[in-house]
Amino acid sequence: MSEDIFSQFFNLFNNDEEDVNWELAKQINNHLNKDDESFIPELSNQDIKFDEIFRVVELNSDKTLSETMNPVEIKLLDSKDYGLWFLESIKHFDFSNFELGGMPEGLGIKNIKSSIVGMQLGNIAGLLSKHSWGLSNFGIILPKSKTLSLNKNNFFNRLSIFEADERDLSLAYISLEYTALSLGTYEAPFKKIITNLTESTKQMMEKIKDLDLNIDPSQISNPQEILSNLPSDEEFDTNEIFESIMAPLSFYREAIKQKAKKLELLNDESIFDLVMDLTFSPGEGPTRDLEIKISELDNLTSSFFTFLNESKNELSIDEILSSEDLIPSIEELSDPIGWAARTSMPPI
């Protein structure tokens, strides 16, 4: 980050944006990725053409996916740029209902709400860009973008840990990401996340009040002091961000996988199960506990989808994703009959 950016950083907190301080979110993402020099492994198959694989998925997408939301190009990005792409791709969402509680006082910040939301989104973007290969990894179907972006380093790492053919693996990953972006046409999944995330944000705000930020607007001579007091990704407890949204994320992951399989691009559909299995991880990191917890929920989610199929219900995956009320809670994942009763689904 340049000295000029540091000299402007404090001013990013004092903004006139109503809902989200996007510039602050970008700088948080950049800060978390500033030391990223991860080794990118070479693929054993150097002849893989990701653009061609993308076009194969695109040509088959009209079987099950929306035509208006589908991406038109693919890019492999470094971690920082992937985080920036994520932030750019969620700007269309309505953050006005994102309520915060327990906001710290005395910081002299003009629009504290948009700044805190920006900080949280920046942290999430930084975590995703450092520790995930794409949206499907955590079941994120929130963004809208005409560019399908993959986090290059983590993507190549994921390709290298399996013995399956790298082209088939790439086809599975790109199909999953294509599906995830196409499902961004639905607003209910985002609203469900916001509803659940609001409570965890309030808890985060209580912690921020206890942080010794050493911020006195009248005494600030070097805005870099603010950055030095921000929690790093190792200190930022991802469980507190995601604890309340793990159930819907697990549900979205399975929805993405089910719809990607319907594209019928792989003879061996178990490859989708393989690449979406969170128990396979190339290393430890701040998101590992989150992956383990979502993985534990995935078993319940899989059984929930089995129930949906065997009960021959009238609600499709798309219909469930189109209504916040239809998305199951963590209790309902283990009690699909209870979910059916609540949503007035005809009994088996």
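The numbers here are math on the coordinates, done by the rules we state, and not lab data. In this text, all values refer to a predicted model and were calculated from it rather than measured experimentally. Counting neighbours? That spans all protein chains shown, and the Cβs are built from the backbone with ideal geometry, glycine included.
Can you list which of the GluC sites (Glu not before Pro) found in the stretch 122-190 are DSSP loop residues with at most 11 other C-beta atoms within 10 Å?
Taking the stretch 122-190 and a limit of 11 other Cβ atoms within 10 Å, the loop GluC sites (Glu not before Pro) found are GLU163.
Among 168-174, 263-269, 86-92, what's the highest-first ranking by average C-beta atoms within 10 angstrom per residue?
168-174, 86-92, 263-269
Determine, from the Cβ-Cβ distance of GLU42 and SER311 and an R0 of 41 Å, the FRET efficiency 1/(1 + (r/R0)^6), rounded to the nearest 0.05.
Working from the Cβ atoms, E equals 0.30.
From the phi angles alone, apply the Karplus equation (6.51, -1.76, 1.60; θ = phi - 60°) to the stretch 76-81 and give each ³J(HN,Hα) in whole Hz, x where the residue is Gly or Pro.
Computed from phi, the couplings for the stretch 76-81 are 9, 10, 6, 4, 4, 5 Hz.
Near the amide H of LEU76, under 5 Å away, which other amide H atoms are found, from residues 5 or more places off or on another chain, if H is placed in the peptide plane?
Distant-sequence amide H within range of LEU76: LEU150.
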